[in-house]
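Take a look at the structure set out below.
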Amino acid sequence: PVSIFLDMSLSEQAKIFATINSTQTKVDLSLVYDLFGITEDRTPEKVAYQLVRHLNTESDSAWKGKIKTLSDKSGDLAQGAMAKYFHKELLEKHPVIKELYKNERDTDIKNILLNFFNAVQEIFPNQWENKVEKRYVLTKTTGFNGFMSFLVLLVKLAARNKTPMSTGYFLSYINKVKDEFSEFTSDNYESGVRGQNKIRDILRSALSEEEKSILGIK
C-alpha cells in the first residue's frame, strides 16, 4: 500500500515522517522464513526453513513439537530464530556445512543436526523435556545457541578426521562434561551472550589440547 499526501506543510511532513519511522514494527522472523519456504528457488533461506520443519515434525527428532511456529505457539524456541541461525551461521558461513549445501546434500545436514540434538536430549532428558513451567533454558535461545557453538566445532573436527557424525560421536564429547553443568535455569545461565558463552565454554572443555589447537581455540 502507498499513501500520497498533497500540499502538506513542512511541519506536517516532519510529523508524519517521525510517526511512521518511530513506530514501524519488524516482520516476525518466523513469517519471513515461512515465506522463503514457499519460494521455488533453492536458497539458503529456503533450506534453513526446511531443516527447521524437518526437526519439528520427524518422529525421531529431539525437537519434534518443541519449535514455536506461527500456527503453534506452544514450543520453546521460535522457528525464525532457529532458521536464521542455520541460514547465517551454517549454510552461509560454516565451511563444512556450506560445502554440503553447495552439493545439495541437505539430508546430510539434517542428519547431523538430528544426531547432535538427539545426543543432547539423551544426556539431559528431563531438562530437555522442559514440561514443568518451562523453567529450563536448554531448549530455548540460550541453550540452543550455546550448544550450536559447540556443534560447529565438532563438525569441523569430524570432517578433518573423516569421523562419521553419528549420535555416538556427539555423545562421546558431551558426556565428558555433563557433570560440569548446573541446572539449566536462567539463574545459572542468564539470557543473552553471557549465558550462551558459559554453556559454550563448558562444552569446549571436553576438547583435548591438540583438538583446541587444531580449531584455533586458546
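The values are calculated or read from the model by the stated rules, or taken from the named source; none is laboratory data. The shown structure was predicted, so the numbers you read here are calculated from the model rather than taken from an experiment. Cβ: placed from backbone, ideal geometry, glycine included. Neighbour counts: every protein chain shown. In case anyone asks, the SASA skips ligands and DNA or RNA and just uses the protein heavy atoms, side chains included. Shrake-Rupley method; radii C 1.70, N 1.55, O 1.52, S 1.80 Å.
Worth pointing out:
- A Cβ distance below 7 Å, combined with a sequence gap of six or more or placement on separate chains, defines the contacts here; from the range 37-53, residues that are over 19 Å from LYS66 (Cβ atoms) reach residues that are acidic (Asp, Glu) in the pairs PRO44/GLU92; VAL47/ASP106.
- Number of residues in the range 156-181 that are free of Cβ contacts under 8 Å to residues at least 12 places away in the same chain and surrounded by 18 or more Cβ atoms within 10 Å (Cβ to Cβ): the value is 0.
- The range 135-163, residues that are in a loop (DSSP other than H, G, I, E, B) and among the polar types (S, T, N, Q): THR139, THR163
- Residue match in the range 104-126 (condition: in a loop (DSSP other than H, G, I, E, B) and closer than 25 Å to ARG42 by Cβ): yes
- Of all residues in the range 91-106, those that are touching a residue at least 40 places away in the same chain (Cβ under 8 Å) have Cβ atoms under 8 Å from Cβ atoms of residues that are among the aromatic types (Phe, Trp, Tyr) and open to solvent by less than 80 Å² (accessible area, probe 1.4 Å), 6 or more apart or on another chain, in LEU91/TYR101.
- Residue ID - surrounded by the most Cβ atoms within 10 Å (Cβ to Cβ), chosen from residues in the range 182-217 that are without any contact (Cβ under 8 Å) to a residue 12 or more places away in the chain and under 17 Å from the mean Cα position of the chain (by Cα): VAL193
- Residue in the range 99-140 that is nearest to ALA48 (Cα to Cα), counting only those that are surrounded by 13 or more Cβ atoms within 10 Å (Cβ to Cβ), charged (D, E, K, R) and over 13 Å from the mean Cα position of the chain (by Cα): ASP106
- Count of the range 1-34 residues, restricted to those that are among the hydrophobic types (A, V, I, L, M, F, W, C) and open to solvent by 80 Å² or more (accessible area, probe 1.4 Å), is 8.
- First in the range 60-76 and over 16 Å from ASP28 (Cα atoms), second anywhere and surrounded by 11 or more Cβ atoms within 10 Å (Cβ to Cβ) and of a type in the set (Phe, Trp, Tyr), Cβ under 8 Å, 6 or more apart: SER61/PHE117; ALA62/PHE117; ALA62/TRP128; TRP63/PHE117
- Single residue of the range 35-71 satisfying the filter (more than 15 Å from the chain's Cα centre (by Cα) and among the hydrophobic types (A, V, I, L, M, F, W, C)) that is most open to solvent (accessible area, probe 1.4 Å): ILE38
- The single condition from (1) free of Cβ contacts under 8 Å to residues at least 24 places away in the same chain; (2) closer than 30 Å to PRO125 by Cβ that ILE20 fails is (2).
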